[in-house]
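The values are calculated or read from the model by the stated rules, or taken from the named source; none is laboratory data. Just so you know, these numbers come straight off a predicted model, no measurement behind them. Glycine gets a Cβ as well: all are built from the backbone with ideal geometry, and neighbour counts include every protein chain shown. Areas reflect the complete protein model, heavy atoms only, side chains present, ligands, DNA and RNA absent. Shrake-Rupley method; radii C 1.70, N 1.55, O 1.52, S 1.80 Å.
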Amino acid sequence: EVTGRGIITAISASTVRRILAAAVLKPWQHQSWVFIRDPDFAIKAARVLDLYQRVWDGQLLGDDEYVISSDEKTSIQARCRCHPTLPPGRARMMRVNHEYDRGGSLAYLAAYDVHRARVFGQCAAKIGIVPFMTLVEQVMTTEPYTSAKRVFWVVDNGSSHRGKAACDRLAARFPNAVMVHTPVHASWLNQVEIFFSIVQRKVCSPNDFTSLDQVEDRLIAFERRYNETARPFTWEFTPADLEDLLARIERHEQKEHSQQPTGYAHQ
């Protein structure tokens, strides 16, 4: 642009990068956000955060009580590259061909023990109530969960485990299991999402699989390896941080309301 306008005769790409890096305004970057629309956001979020600190209804959890964070990672594809992937070498990163053939997709369901850093997972052709309850069965028929006093299941509001019906279904099958929902649009409160981000980086990328069987084998092998070395995540967002967040949102909404034109507010 600057050379086309005759401002300068030439400019290097590295100079352009330095100028852009130093720019105060960066219109090519963005952050997404969403309004809190769950009327019980504070109550639901506080319950989840308390469980991460081993607290329920103001009481410390016992040694025979556990917290499970669970969800599904959907649409993991088997992409078979049209040309063989070149392994990394000296001064050369791995090279993956851009073109690929699709080999289908599967879902990876995982249940993560928050305080023991243990993962239980399985693959399914698609998500739903049956695959989720199969995962629950896998966990709840394993010690120490079978004989536990209570096992809290933190889940989001996906169709596989949504609402009171899902809570009742879980309690009917396993009386010592308690389902706890995150607020709507607050899956970031679910610790299993951290595990899924690790899976995405270490298993699914770059996506170069010859078949869905290879995808499943890689997922299960990584899960086994992860369980050998994992430690609980250091969860830093506390109930005090939640109160601060809600207070800042309230101040922002009050400020926006006060800045609205009188006629607009009246309409």
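Within the stretch 6-22, the residues that satisfy the criterion of being assigned to a loop (DSSP other than H, G, I, E, B), loosely packed, with under 10 Cβ neighbours inside 10 Å and aliphatic (A, V, I, L, M) are Ile7, Ile8, Ala10. Based on what the data block shows, is Glu216 open to solvent by less than 40 Å² (accessible area, probe 1.4 Å) and of a type in the set (D, E, K, R)? Taking the combined requirement at face value, the residue does not satisfy it.
Residue pairs whose Cβ atoms lie under 6 Å apart, sitting 6 or more positions apart in sequence or on different chains, and linking a residue in the stretch 208-227 that is assigned to a helix (DSSP H, G or I) to a partner that is open to solvent by 50 Å² or more (accessible area, probe 1.4 Å), are Asn227/Arg118. Among the residues of the stretch 185-198, those identified as within 13 Å of Val48 (Cβ to Cβ) and either open to solvent by 10 Å² or more (accessible area, probe 1.4 Å) or among the hydroxyl-bearing types (Ser, Thr, Tyr) (or both) are Ser187, Trp188, Glu193. Within the stretch 128-141, does at least one residue satisfy the condition of being in a strand (DSSP E or B) and either crowded, with 21+ Cβ neighbours inside 10 Å or touching a residue at least 40 places away in the same chain (Cβ under 8 Å) (or both)? Scanning the stretch 128-141 turns up no residue that is in a strand (DSSP E or B) and either crowded, with 21+ Cβ neighbours inside 10 Å or touching a residue at least 40 places away in the same chain (Cβ under 8 Å) (or both).
Mind checking which pairs have a first residue in the stretch 53-64 that is touching a residue at least 60 places away in the same chain (Cβ under 8 Å) and assigned to a loop (DSSP other than H, G, I, E, B) and a second that is open to solvent by 70 Å² or more (accessible area, probe 1.4 Å) and of a type in the set (Ser, Thr, Tyr), Cβ under 8 Å, 6 or more apart or different chains? If the second residue must be open to solvent by 70 Å² or more (accessible area, probe 1.4 Å) and of a type in the set (Ser, Thr, Tyr), the pairs left are Asp64/Ser147.
Of all residues in the stretch 73-90 being basic (Lys, Arg) and open to solvent by less than 70 Å² (accessible area, probe 1.4 Å), which is farthest from Ser197 (Cα to Cα)?
Arg81
Under the condition of being surrounded by 16 or more Cβ atoms within 10 Å (Cβ to Cβ), in contact (Cβ under 8 Å) with a residue 60 or more places away in the chain and over 18 Å from Thr142 (Cβ atoms), the residues counted in the stretch 91-122 number 5.
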